[in-house]
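Notes to accompany the following structure.
None of the figures in this text is laboratory data; all of them are computed from the coordinates on show. Nothing here was measured: the structure is a model prediction, and the numbers come from that model. Methodologically, a virtual Cβ is constructed for each residue, glycine included, from the backbone with ideal geometry; neighbour enumeration extends over all protein chains shown.
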Amino acid sequence: MATIIDGKKISQDIKDELKEKVAALKEQGTEVTLAVVLVGEDPASCVYVRNKKKACEYVGIRSLSFELPEETKEEELLQLIADLNAREDVNGILVQLPLPKHMDEDKVIKAIDPKKDVDGFHPQSVGALSIGLPGFVSCTPAGIVQLLKRSDIETRGKKCVIVGRSNIVGKPMALLMLREDATVTITHSKTVDLPSVTREADILIVAIGKKQFITSEYVKDGAVVIDVGMHRDENNKLCGDVDYEDVAPKCSAITPVPGGVGPMTIAMLMYNCVSAIDINR
Ligand code: NAP
């Protein structure tokens, strides 16, 4: 029977630890402040932003909200970021993605001061991760490492296969698993005979963005399976990139959707905000 990795509980533990840390910082006269920037009214983005603000409130982080209309000019957004970069009372800046089509996301991400880049998307943060220097790490992959560590899953020397090579999940995930001493393979849409590669995995991390794509034929007996995907099935229930019912009986451990990777992303955003205090010192 597979162990179900409880992301809800682990993310709660992390937020509780951070809450204590934030309270201690407050006693020393230091307040942690996150600026959250939302452009437009994309419904999913509005939900994400609301959840991020709620998590800030729980942990004791002050959140400043900047909600700009869809038709905001790119220069105006860049000016806001410049102002937030200059503000000493702001430790972290988060620009909710995706941005409206008339804006250049790469340019906007690059405008954020790397010392305040709590999403870990700035090229400097990515570069620091790749050569093992301190810096912010993209929240979802960082959350997956915490899920593994806090579930006592050994990574050293294990074969880890990652399905997906996006900049926000697949690539940073590979770098982090290297840092955790796993032997890492990255796969993508041009990989030939994907099941034969994924079946090699002791730890299989799936970020493919395709509903219930990974079935038991992709998984070795006893593997650990981490499902990053987030979709709605035909009954409007949340599901992942992994066909959970089919795959779970084969695994030693697996993350459910919902309640696996999802809650970890926000917990790690909170973690990055608190770390920003040390990074800015
Ligand atoms: P993405 O940017 O769409 O990347 C998907 C990756 O999967 C690409 O590298 C693509 O390869 C690869 N791929 C697509 N079809 C494939 C196939 N048939 N065989 C092998 N590889 C294939 O997605 P993402 O941003 O990484 O997100 C992945 C999933 O995670 C989505 O469901 C997203 O909603 C979810 N997500 C969840 C969280 C969370 O907090 N839980 C956070 C972020 C993302 P190519 O590069 O060759 O195109």
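Roughly how far apart, in whole Å, are the Cα centres of the stretch 171-227 and the stretch 69-133? Spelled out, the Cα-based centre of one part sits 30 Å from the other. In a reduced charge model with +1 at each Lys and Arg Cβ and -1 at each Asp and Glu Cβ, the chain shows a dipole moment near 480 debye about its Cα centre. Compared with the alpha-carbon gap, the fully stretched path from LYS149 to HIS102 is longer by 12.8 nm at 0.36 nm per residue.
Each Cα pair under 8 Å and six or more residues apart adds its separation to the average, and for the stretch 193-236 the resulting relative contact order is 46 percent.
With contacts defined as alpha carbon pairs under 8 Å and 6 or more residues apart, what's the relative contact order of the stretch 1-113 in percent?
Working: 122 pairs, mean separation 35.5, N = 113.
Taking the mean separation of contacting Cα pairs over the length of the stretch 1-113, I get 31 percent.
The lysines whose alpha-carbon is closer than 20 Å to the alpha-carbon of LYS237, local same-chain residues fewer than 8 away aside, are LYS8, LYS210, LYS211.
Size of the chain: Rg and Dmax of its alpha carbons, in Å, are 19.0, 57.
In whole percent, what relative contact order does the chain give with Cα contacts below 8 Å and a gap of six or more residues?
On the way: 552 pairs, mean separation 62.8, N = 281.
Relative CO of the chain lands at 22 percent.
Checking the Cα-Cα distances for LYS73/LYS171; LYS158/LYS190; LYS53/LYS107 against a 28 Å cut-off, the pairs over it are LYS73/LYS171. Of all beta bridges that DSSP places with both ends in the stretch 150-281, some 10 percent have antiparallel geometry. Taking each residue as 0.36 nm, the span from ALA86 to GLU67 lengthens on full extension beyond its C-alpha to C-alpha distance by 4.9 nm.
Need the full-extension length gain, MET1 to LYS26, defined as separation in residues times 0.36 nm minus the C-alpha distance. One decimal, nm.
On the way: separation 25, 0.36 × 25 = 9.00 nm, distance 4.47 nm.
Full extension of this stretch gives 4.5 nm more.
Bridgeable aspartates and glutamates around LYS54 (alpha carbons under 19 Å apart, same-chain partners fewer than 8 residues away excluded): ASP13, ASP16, GLU17, GLU20, GLU31, GLU41, ASP42, GLU67, ASP119. Rounded to the nearest 10 degrees, the angle from helix 139-150 to the longest Cα principal axis of the chain is 50 degrees. Per-residue Cβ neighbour counts within 10 Å put VAL39, VAL163 in the sequence VAL39, VAL163, beginning with the fewest. Put a dot 7 Å past the Cα of ARG232, heading toward its Cβ, do the same for ASN51, and the two dots end up 1.4 nm apart. For the chain, the longest principal axis of the alpha carbon atoms and the long axis of helix 74-86 meet at an angle near 80°. Working note: Cα gyration tensor of the stretch 11-65, eigenvalues times five, square-rooted, sorted largest first, giving semi-axes of 24, 14, 5 Å. Rounded to the nearest 10 degrees, the angle from helix 262-280 to the longest Cα principal axis of the chain is 50 degrees.
Highest mean packing comes first when the peptides 23-35, 225-237, 245-257 are listed by Cβ atoms within 10 Å, giving 245-257, 225-237, 23-35.
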